[in-house]
1. Which one of these is touching a helix residue (DSSP H, G or I) at 6+ places or on another chain (Cβ under 8 Å), charged (D, E, K, R) and farther than 19 Å from residue 26 by Cβ: 84, 108, 113, 99?
2. If I ask for residues that are in a strand (DSSP E or B) and acidic (Asp, Glu), which ones from region 89-136 would you list?
3. In region 132-154, what residues are buried (at least 20 other Cβ atoms within 10 Å of the Cβ) and either without any contact (Cβ under 8 Å) to a residue 40 or more places away in the chain or β-branched (Val, Ile, Thr) (or both)?
4. Residue check, residue 123 against (1) in contact with a Phe, Trp or Tyr (Cβ under 7 Å, 6 or more places away or on another chain); (2) over 22 Å from residue 23 (Cα atoms), all met but one. Which one?
5. Surrounded by fewer than 18 Cβ atoms within 10 Å (Cβ to Cβ), out of contact with any Lys or Arg (no Cβ under 9 Å at 6 or more places or on another chain), among the polar types (S, T, N, Q) and closer than 19 Å to residue 69 by Cβ: does that describe residue 97?
6. So which residues in region 136-162 are of a type in the set (Ser, Thr, Tyr) and over 13 Å from residue 59 (Cα atoms)?
Amino acid sequence: MRMWVFAFLLVATPVQALNEGLQCVPYARALTGVEIRGDAHTWWEQAEGRYDRGSKPKVGAVMAFRPHGNMRLGHVAAVRKIIDKRTLLISHANWSTIDGVRGHIEDDVRVVDVSEANDWSRVRVWYTPNAALGTSEWPLHGFIYPDKQRSWGESRKAVVALLGYEPWKAKRDAPVKVAAAMKPVVQSEPAQTKPKTSFTLSSALLAEIEKGAAKERNGRR
């Protein structure tokens, strides 16, 4: 059962990717309504006394990443859906490098908590160019909770106000086709330093997971 669950996490996320040339901060702010400015790594401290913060994911909250490795400015994303106690979907911008370009909006992105204590202190993030869950482990500050959760309609209006148009419509100036974005061409994730301690899967289990994932992919052809 455990093998099947992790195999599902590796292959089963239909990420929607649009090339909008956007940074993570304004997109997260538009989706959540958390009115914080400045680089992503400053959001956690700026939120103190202004917004509730915690380690429990909630729909509509900001997921705040710590600076790590070459991701010196940190990262912020919006929590869209809770799948289970270790899995959720986010929307974010400027994460994956697709066709050599950064700044993409990505929705329905799978994130898995790989912390030993299941406290969302360290995660792995779906990496669209590889059509797989990323192998890098990213440390989190935690979650910033807005005063009021924005509805999807409110979020859409805020994104339209940010971009000047609705990026989900079929006619776009510079679209990235989802099919192309999902091609399993191996590219590098943002560089990171190897953590000193982390919760990891055994090599035998990882081999079984990869075998199950390959079998599932072949079965869809």
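Throughout, read-outs are computed from the coordinates displayed, never taken from laboratory work. Owing to the predicted nature of the structure, the values given are computational and were not obtained by experimental measurement. We place every Cβ from the backbone using ideal geometry, glycine too, and count neighbours over all the protein chains shown.
1. 99
2. Residues of region 89-136 in a strand (DSSP E or B): 89-93, 98, 101, 104-113, 122-127, 132-133.
106, 107, 108, 113, listed by residue number.
3. 144, the sole residue that qualifies.
4. Result: residue 123 passes all but (2).
5. yes
6. Initially, region 136-162 is screened for residues of a type in the set (Ser, Thr, Tyr), giving 136, 145, 151, 155.
Hit for region 136-162 is 136, nothing else.
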